[in-house]
Amino acid sequence: MTSDETSVRQPSTPRILEGGSNTNKMNRRRMQLGGRAYNERLKATNESYQRVGQTISDNQLEQLQSQLDTFRANLETFARLHRKDIQKDPVFRMHFQKMCGNIGVDPLASSKGYWGELLGVGDFYYELGIQIIDVCLSTRALNGGLMELSEVKRRVERMRGIRDNKGTNNYNSTFTTTTAAASSKWASITGKDTSMEITEDDVLRSIKTLVPLGSGFQVLQIGDKKMVSSVPRELNRDQSVILALVQDTNGHVNVNIINERLGWEHGRIMTALDTLLDDSLMWIDQQADPYEYWVPGFFEPEDDDMYGTSASS
């Protein structure tokens, strides 16, 4: 190969390299521009979807609000027409309250505002809660602060002076004077008719209003019974099992019954019984052989003197 041939061929190599470099740069530039355009289109599409979604959401919210407004208006009309039934009929009131709860309205919770004026029941559950506190505190020394829900309701009814369907007082005539005094007491405090009949549902709702007080009021499910506890406590598993067993053994148990029914050893039985005694949830009959352990919270005494209330003082 001559020097002339070499001088002719040498320039061809850099021209090829230079041309390839320019092509790569152009390709990269096209890719960058294409990627940027794609991102812009994607962003515009997403924004479009968001606007459509927000419009649909706003329309649905507006429709829902309109439906709620219509429902509330109908509810107010219903409450106005059935005001007396809501005040006097506890079952009707329970269903009305559940219906209101479905839309977040609590018309019986406060005397302030439209609902309080419309229904005329005022702070119904708060007033009832005070009566529940009165009943529970006055019996705590006897039952350790654990009483069956139906018994709490019965004693609150006595305090409110509620009479049965026959027009007679629900309780022994010995307590007629006490009942009248209690009803008069609460009427003077609240300035309202305290003879409104109540249900267990009313009692449960009232107890919920007491939770913020931090006083320990709560409803415990023990066996097949709902028990109102007025003392801050947590029952352990063994205590709960024994209390549930007592419901099937006429209100009392002994070591032999627990061993036969539950198969526990003597030490475990006595530990559970002793803690229940220490918490005043049980009484012990040492004249029986073996000792019998009674739960006063399950008593159904005919003589209400066993549970005197502070309302009589």
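The values are calculated or read from the model by the stated rules, or taken from the named source; none is laboratory data. Source: prediction; values computed, not measured. Cβ coordinates were reconstructed from backbone atoms using ideal geometry, including for glycine residues, and neighbour counts include every protein chain displayed. Just so you know, the surface numbers come from the protein's heavy atoms only, side chains and all, with ligands and any DNA or RNA stripped out. Shrake-Rupley method; radii C 1.70, N 1.55, O 1.52, S 1.80 Å.
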Would you say Ser57 is over 29 Å from Val203 (Cα atoms) and either at pLDDT below 80 or exposed (fewer than 10 other Cβ atoms within 10 Å of the Cβ) (or both)? yes
When you check Ser230 against the structure, is it among the small types (Gly, Ala, Ser) and either modelled with pLDDT of 85 or more or open to solvent by less than 40 Å² (accessible area, probe 1.4 Å) (or both), yes or no? yes
Determine the pairs where a residue that is part of a helix (DSSP H, G or I), located within region 196-215, has a partner that is open to solvent by less than 30 Å² (accessible area, probe 1.4 Å) and hydroxyl-bearing (Ser, Thr, Tyr) with Cβ atoms under 6 Å apart, the partner being 6 or more residues away or on another chain. Arg205/Tyr125; Ser206/Tyr125; Thr209/Tyr125
Looking at this structure, is Glu260 exposed (fewer than 11 other Cβ atoms within 10 Å of the Cβ) and closer than 21 Å to Leu235 by Cβ? no
Identity of the residue in region 270-313, among the hydroxyl-bearing types (Ser, Thr, Tyr) and modelled with pLDDT under 60, that ends up surrounded by the fewest Cβ atoms within 10 Å (Cβ to Cβ): Ser313
Filter pass, Ser48 being closer than 17 Å to Gly104 by Cα and open to solvent by less than 70 Å² (accessible area, probe 1.4 Å): no
Looking at this structure, is Lys88 at pLDDT below 80, under 34 Å from the mean Cα position of the chain (by Cα) and open to solvent by 70 Å² or more (accessible area, probe 1.4 Å)? yes
